[in-house]
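As structure tokens, the structure follows; a few thoughts come after it.
The values are calculated or read from the model by the stated rules, or taken from the named source; none is laboratory data. Treat the numbers as computed from the prediction; the structure is a model and nothing was measured. No Cβ is skipped: glycine too gets one built from the backbone with ideal geometry, and neighbour counts run over all protein chains shown. Protein only, heavy atoms only, side chains kept; ligands, DNA and RNA dropped before computing areas. Shrake-Rupley method; radii C 1.70, N 1.55, O 1.52, S 1.80 Å.
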Amino acid sequence: MSRSALARLGFEDPEAAVADLERLGAWPPAAAPGGDRLLTEIAGSAAPQLAARALAGIAAAHPDPDGFAALLRRRLGFRRRLVPVVAASRSLGAWLAVHPEEADRLADGRPFAAPRRREELVAQAAALVVAAGESGYQPSPVRLAVLGMGKLGGAELNYVSDIDVLFCHQPLEGADPEAAARAAD
């Protein structure tokens, strides 16, 4: 199969696709056992170039890049769960590259990790604010809240949702209102 065949399969940039597919053992198609099956699955996705790029990124970030790629080539169920996800959403592909352990959950047929509890997230955010203050920043003259509106606020986001947020601020007692507004900006 030639690089021009990749263009016919839907890859917008065959040269870049070759590098990504080589990392996955899917180029040339018989480069590694199951490489031809993985190439077929990627080429049949909604966005082959995006899928190949995301899968190569996840493999590169994985603690065992070769093992991840081999598992992807070998396990049909894993390919059928992961390829459509990364072909449909650049954001999910990027997120999985930062959290390759979540891709492992898909390999085993498990759902993504459960969302963390609100209390845990608030404690983590508060610790980050305290740490930022200890690193030499001036104390902020403002309290700031970010409110999620629409589907974000209703926890109904999907990969095509837009994110509507509302930023609200309140000057701390005794703070100059204009300085607080500048700090919130």
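What the table below lists for this structure:
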read-out: Number of the exception - residue 115 against (1) farther than 18 Å from residue 21 by Cα; (2) open to solvent by less than 50 Å² (accessible area, probe 1.4 Å); (3) out of contact with any helix residue (DSSP H, G or I) (no Cβ under 6 Å at 6 or more places or on another chain); value: (2)
read-out: Unmet requirement for residue 103, which otherwise passes all of (1) surrounded by 10 or more Cβ atoms within 10 Å (Cβ to Cβ); (2) in a loop (DSSP other than H, G, I, E, B); (3) under 21 Å from the mean Cα position of the chain (by Cα); (4) among the small types (Gly, Ala, Ser); value: (2)
read-out: Condition broken by residue 95, with the remaining ones in (1) modelled with pLDDT of 85 or more; (2) over 19 Å from the mean Cα position of the chain (by Cα) satisfied; value: (2)
read-out: Listing of helices (runs of 4 or more DSSP H) fully contained in segment 1-54 that carry 3 or more residues being modelled with pLDDT of 95 or more; value: 14-23, 35-43
read-out: Tally, over segment 55-78, of residues that are open to solvent by 10 Å² or more (accessible area, probe 1.4 Å) and within 18 Å of residue 10 (Cα to Cα); value: 0
read-out: Where a residue in segment 16-35 is farther than 17 Å from residue 71 by Cβ and its partner, wherever it lies, is open to solvent by 60 Å² or more (accessible area, probe 1.4 Å) and β-branched (Val, Ile, Thr), with Cβ under 8 Å and at least six apart; value: none
read-out: Residue among 175, 181 that alone is over 28 Å from residue 88 (Cα atoms) and in a helix (DSSP H, G or I); value: 181
read-out: Total residues in segment 1-15, condition within 23 Å of the chain's Cα centre (by Cα) and either at positive phi or hydroxyl-bearing (Ser, Thr, Tyr) (or both); value: 1
read-out: Residues satisfying the stated conditions in segment 20-40, i.e. under 25 Å from residue 98 (Cα atoms) and open to solvent by less than 40 Å² (accessible area, probe 1.4 Å); value: 20, 21, 24, 25, 26, 27, 35, 38, 39
